[in-house]
Amino acid sequence: MKNRSARSFLTLLDHSPKSLRAILDLAARIEASPEDFRKPLEWKTVGLLFEKSSTRTRLSFEAGIRQLGGGSLFLGSDIQLARGESIEDTARVMSAYLDMVVIRTFGHDRIESFARAASIPVINGLTDGHHPCQALSDFSYMEKVFGRLAGLTLAFVGDGNNMARSLAEGAALLGVHFILAAPEGYRLPEEEVAALDRLARKSGGSVRVVNDPKEAARGAQVLYTDVWTSMGQEAESALRERAFRGYVVDGSLLSLADPSAIVLHCLPAYRGKEITAEVIDGPRSRVFEQAAARLPLQKAIMMYCMERDRE
Ligand code: CP
Ligand code: NVA
């Protein structure tokens, strides 16, 4: 039996620093000459099973699959899964027709159940717990801008959510200093932060959580934020707006960062909430270049998973 976590891409922590490095290097090669990678998915069909909305993830995978020579099938809320067919039965059936599947869903346990029952690689296109494709793409973009990852400081201001977790995991594996500034009740769990920080020591990075956004931003090369209310949390939105009131990436916070600092946001963004229009539309913002980096990275992840599946 093949090692399912090796052929799938569910979280960054499932993979070694060496594997992440291989994906980053492959993405850089694909970005430099995409025309050299026209056939890796020839005769392959990739399903995109999305239970939440998506613009960037869906499009970068669909375009990426097509450019690699494969075909994609988008599966939304009109498949039998939405009417109560089990996730395991869906995984077994999809494994018979498809060569790989990208899933966006709610609880992370859902994608784990799918991957356990499937016999094809499963890629996490976002769960409530993780967003590994976005995070690895962000590291590839940071490396492009700064020429290195090791030793960079990435300050994340806002919710200790799926995005924060995947960035913290990537930082721990790739030698980046990650600081989350979040209000109490919205932080990554303390034990998780301690374990990631221990892991980070091996790569020369660190992972920590603070209360004060200014403390996180001071001297950081990357200032990152995400929405206060993630998909699935809409009922908490009024409560969250109150809790995150002081956690805004604005001009004064940016002025504390390193002179070379860039501002990232995985998007979609809400101007006037987690980030001001002045910052996201200003000269230090790289959010659209960041979004563009998803395409070569998605291709590299799919090629990596197909390769591991053949081993
Ligand atoms: N950043 C991101 O994953 O965007 P979408 O929700 O549009 O896919
Ligand atoms: N944290 C956000 C990310 C969207 C790309 C969400 O889960 O909705």
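Candidates are the residues of segment 117-137 that are out of contact with any Gly (no Cβ under 7 Å at 6 or more places or on another chain) and farther than 20 Å from SER53 by Cα; the one that is most open to solvent (accessible area, probe 1.4 Å) is SER119. Cβ contacts < 6 Å: first residue open to solvent by 80 Å² or more (accessible area, probe 1.4 Å), restricted to segment 200-216; second residue at pLDDT 95 or above and in a strand (DSSP E or B), any location; separation 6+ or different chain. Result? Pairs found: ARG208/ILE179. Within segment 47-96, the set of residues being at pLDDT 95 or above, within 15 Å of ligand 1 (Cβ to nearest atom) and part of a loop (DSSP other than H, G, I, E, B) comprises GLU51, LYS52, SER53, SER54, THR55. Cβ-Cβ contacts under 7 Å between residues 6 or more apart (or on different chains), taken from a first residue in segment 116-128 that is within 9 Å of MET100 (Cα to Cα) and more than 15 Å from ligand 2 (Cβ to nearest atom) to a second residue that is assigned to a loop (DSSP other than H, G, I, E, B) and open to solvent by 20 Å² or more (accessible area, probe 1.4 Å), are listed as ILE120/ASP99. If the requirement is being open to solvent by 20 Å² or more (accessible area, probe 1.4 Å) and in contact (Cβ under 8 Å) with a residue 40 or more places away in the chain, which of these qualifies: SER72, SER53, SER8? On inspection, the qualifying residue turns out to be SER53. Take segment 160-177 and flag every residue that is away from ligand 2 (no atom under 16 Å from the Cβ) and not in a helix (DSSP H, G or I). Within segment 160-177, GLY175, VAL176, HIS177 meet the criteria. The single residue among LEU180, LEU173, LEU154 that is without any contact (Cβ under 8 Å) to a residue 40 or more places away in the chain and open to solvent by less than 30 Å² (accessible area, probe 1.4 Å) turns out to be LEU180.
The values are calculated or read from the model by the stated rules, or taken from the named source; none is laboratory data. Note that this is a predicted model, so its numbers are computed, not measured. Every residue, glycine as well, gets a Cβ built from its backbone with ideal geometry; the counts of neighbours run over all protein chains shown. Areas reflect the complete protein model, heavy atoms only, side chains present, ligands, DNA and RNA absent. Shrake-Rupley method; radii C 1.70, N 1.55, O 1.52, S 1.80 Å.
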